[in-house]
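A short reminder: the numbers here are calculations on the coordinates, not readings from a lab. Everything numeric in this text was worked out from a predicted model, so none of it was measured. Ideal geometry is used to build each Cβ from the backbone, glycine not excepted, and the neighbour counts take in all protein chains shown.
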Amino acid sequence: MHRRLTTETVGDRISRSFRRTHALRFQTAGGYWRHDASCTTWRTGAYRPPTSEEFGLRIVIMGCGRVGSSLAVALERAGHTVAIVDRDETAFRRLGPDFTGTRVRGVGFDRDVLRKAGIDEADAFAAVSSGDNSNIISARVAREQFGVERVVARIYDAKRAAVYERLGIPTVATVPWTTERFMSALGESRADDGWSDPSRKVVVIPLELHESWVGVTAAKLQAQTGARVVFLLRLGNAVLPDPKTALQQDDSIYVAVLRERIDEARAIAAAPRERDDA
């Protein structure tokens, strides 16, 4: 007896609404689990886990700055198919050598450019460029002209958020926790706590920094936030810093911090840095 494949085996990374969408898509492709006395098989072959092509979302991202590149890498690592658009071809260097997604040079609200990025088949769209107007225009194009239901736009002017929400476009402010909020809005489960030790007293989390922290050493960041830099991603490569390592503009910072000090560390890091006398 055959039973239709459910999406419960996919895990918690994909939201319930996306699970239903992909379950229907896969069922129409003829996917079934077959249970017999000895083992679980996939149709007539041996069991194998679902691949990202079968269950991963297809996501288009506009903007390959610090946030866009981090988002693209994180979503690809989660098993999704990612295409990223930027007018500056050199911006794609931020993705690092291991990124296998599609890179498309062009303006993110240009329909032909979006088609090259696969917008016709996209499950989600994120506009994360440095311009509020470009982000909202491209988000509306993705939703209204290409029928992408799940869209989200990054904004710098928080006063515009209410206007965008009335248009049905969820927005995420630039700080704090930008990448994590985008992943949540695109259907990824949030992992605010990151990695935790068995006692759950210490967590390792990404830390969004105000631009005034550029050039500051890891030691000074720890002294002011109470969070210790354990590693950082620089141009797609992981770096283990020493206390004298200076933070650079496009670094993605990961810190170890006491759980009860997470909010404090976030707030200090997201605000303009207080100058010291040293």
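Data table
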quantity: Residue-span extension gain [TRP195 to LYS159] - 0.36 nm each, minus C-alpha spacing; calculated: 9.6 nm
quantity: For the range 205-256: relative contact order, % (alpha-carbon pairs under 8 angstrom, 6 or more apart); calculated: 48
quantity: Difference of contour (0.36 nm per residue) and Cα-Cα distance, ASN237 to VAL107; calculated: 44.1 nm
quantity: Burial ordering of PHE109, PHE92, fewest other beta-carbon atoms within 10 Å first; calculated: PHE92, PHE109
quantity: Two-site FRET efficiency, GLU274 against ASP98, from Cβ-Cβ distance with R₀ of 30 Å, rounded to 0.05; calculated: 0.20
quantity: Point-to-point label distance, LYS244-SER212, nm (Cα→Cβ direction, 7 Å offset); calculated: 2.7
quantity: Difference of contour (0.36 nm per residue) and Cα-Cα distance, GLU149 to VAL202; calculated: 15.3 nm
